[in-house]
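Asker: Sharing a structure below in structure tokens format, with a few things to ask.
The values are calculated or read from the model by the stated rules, or taken from the named source; none is laboratory data. Fair warning: this is a prediction, and the values are worked out from it, not measured in the lab. Here the Cβ positions follow ideal geometry from the backbone for every residue, glycine too, while neighbour counts run over all protein chains shown.
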Amino acid sequence: MKHYNIPIFIPHLGCPFNCIFCNQKNIAQHEPAPDSSVVSLMVQKALDTIPSPEPEREVEAAYFGGSFTALDNKLQEDYLRALQPFINEGFIDGIRISTRPDFINESILEFLMKNSVKTIELGVQSLKNEVLQASGRGYTAETVFYACSLIKQYGFKLGVQLMIGLPGDSFDYDIDTAIGTISILPDMVRIYPVLVVKDTALEKLYYQGCYEPLRLEEAVDICCEMFLRFQQKGIEVIRMGLHPSEELREDGVVTAGPFHPAFGEMVEQEAFKKQALVLLHNYINTGIIDQELKLYSSYRDLSKTMGQKKANLLYLTHLSDLPRINGVQVDEQLKKDELGIGPAGSEQSAMRLARQEFIEIYLQ
């Protein structure tokens, strides 16, 4: 089903905390939250850009940027009621909100159910208490597990937002957080690498030499390891990397850290590189000896298989003591996330490797 979100940003509204990486208060000064009276105009404008209703389409109006359930109750009601006419007329299918784990309880969830909220995304960030404390999040992993359990018990779709590279974080902690998140069984996950943003407490630590952000290559590798674990369990990763908004592109906004406008694409390319390497070794292990080989992918995966500026192909081409990969070709018989390999002169793959097969080999 094709899913559309109509984003309505309410920067920092409702959040009583000032996390170490956050400058939402400064953002809110320049981008004030919309008044509930203009929300319907924003939704109508967005609906004009979405294809006409069809059986395989789902549309949600999504309140992002703040901690929705921490808002004043009257403001929550106003924001939700502004969307009811669109739901009643079938133009949107429900409402999505984002909030914090420590602002979830039974009465809150009952209120959200009565007002057509279908999806709740929690800004979890980490499941390691040391990391949560060092980042000023104000809750523990136990709070997260309780909130997620309650959300699922009430029948909402659950999204979990994670961050890598927080103070006190490590590769092992991130993998532990991914494994813990899998145990929660969310419907979707977002993974964000931490950026050092201007006028934050994290920026002060960075300039004091007390915090070192992830390098881009590190962030891609960690995110890829988490991504593959979520794929293995059928949990959809709906975003990797922050949205490359105009604000992030402005000079001086991002002080340091692994920002790249195509971060998610880079993570998927890394997954294809790892998959291609396993496929290459599988092919060699059959005893077939070819001086030159060719990779195959579906049309939609061709650029991810090649890599940015053909980085994956160049990597595989220059592996020592292995047959040379001389190119990547489309094989229409291959499914999404499936790779093939064969002699350079062939037109179809001689061996295939699906993503799930690769993950089982890679993570064993």
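Asker: Give Leu122, Leu80, Leu75 a once-over and let me know the one that is within 27 Å of Tyr192 (Cα to Cα) and hydrophobic (A, V, I, L, M, F, W, C).
Answerer: Leu122
Asker: Next question, about the same structure. Which pairs turn up if I take residues in segment 26-42 that are under 21 Å from Lys74 (Cα atoms) and look for partners that are modelled with pLDDT of 85 or more and of a type in the set (Asp, Glu) with beta carbon separation below 6 Å, at least 6 apart in sequence or on another chain?
Answerer: Final answer for the pair search is Ser36/Asp78.
Asker: Continuing with this model, one more query. Kindly provide the set of residues from segment 287-328 that are touching a residue at least 24 places away in the same chain (Cβ under 8 Å), surrounded by 13 or more Cβ atoms within 10 Å (Cβ to Cβ), under 14 Å from Gln269 (Cα atoms) and of a type in the set (D, E, K, R), ordered by number.
Answerer: Within segment 287-328, Asp301, Lys304 meet the criteria.
Asker: For segment 333-364, name all the residues that are among the aliphatic types (A, V, I, L, M) and more than 22 Å from Gly287 (Cβ to Cβ).
Answerer: Those that are among the aliphatic types (A, V, I, L, M) and more than 22 Å from Gly287 (Cβ to Cβ): Leu334, Ala354, Ile359, Leu363.
Asker: Can you tell me which of Thr119, Thr143 is part of a helix (DSSP H, G or I), assigned by TED's automatic domain parsing to the domain that holds Leu205 and among the polar types (S, T, N, Q)?
Answerer: Step by step, each of Thr119, Thr143 is checked, and only Thr143 is part of a helix (DSSP H, G or I), assigned by TED's automatic domain parsing to the domain that holds Leu205 and among the polar types (S, T, N, Q).
Asker: Follow-up. Just a yes or no: is a residue in segment 204-219 closer than 24 Å to Pro101 by Cα and assigned to a loop (DSSP other than H, G, I, E, B)?
Answerer: no
Asker: Among the residues of segment 97-113 satisfying the criterion of being surrounded by fewer than 17 Cβ atoms within 10 Å (Cβ to Cβ) and touching a helix residue (DSSP H, G or I) at 6+ places or on another chain (Cβ under 8 Å), which is nearest to Glu56 (Cα to Cα)?
Answerer: Result: Phe111.
Asker: Would you confirm whether any residue within segment 47-59 is surrounded by 20 or more Cβ atoms within 10 Å (Cβ to Cβ) and touching a helix residue (DSSP H, G or I) at 6+ places or on another chain (Cβ under 9 Å)?
Answerer: Looking through segment 47-59, at least one residue is surrounded by 20 or more Cβ atoms within 10 Å (Cβ to Cβ) and touching a helix residue (DSSP H, G or I) at 6+ places or on another chain (Cβ under 9 Å).
Asker: Being over 12 Å from Pro101 (Cβ atoms) and among the acidic types (Asp, Glu) is the filter; apply it to segment 129-187 and report the residue that is farthest from the chain's Cα centre (by Cα).
Answerer: Glu130
Asker: Just one of (1) more than 22 Å from His243 (Cβ to Cβ); (2) touching a Cys at 6+ places or on another chain (Cβ under 7 Å); (3) not aliphatic (A, V, I, L, M) trips up Gln208, so point out which.
Answerer: Only one criterion in (1) more than 22 Å from His243 (Cβ to Cβ); (2) touching a Cys at 6+ places or on another chain (Cβ under 7 Å); (3) not aliphatic (A, V, I, L, M) is unmet by Gln208, namely (2).
Asker: Residue check, Ile184 against (1) on the phi < 0 side of the Ramachandran plot; (2) out of contact with any Cys (no Cβ under 8 Å at 6 or more places or on another chain), all met but one. Which one?
Answerer: Evaluating Ile184 over (1) on the phi < 0 side of the Ramachandran plot; (2) out of contact with any Cys (no Cβ under 8 Å at 6 or more places or on another chain) leaves (2) as the failure.
Asker: Which residues, taken from segment 82-96, are touching a residue at least 40 places away in the same chain (Cβ under 8 Å) and either exposed (fewer than 14 other Cβ atoms within 10 Å of the Cβ) or of a type in the set (A, V, I, L, M) (or both)?
Answerer: Ala82, Leu83, Pro85, Ile92
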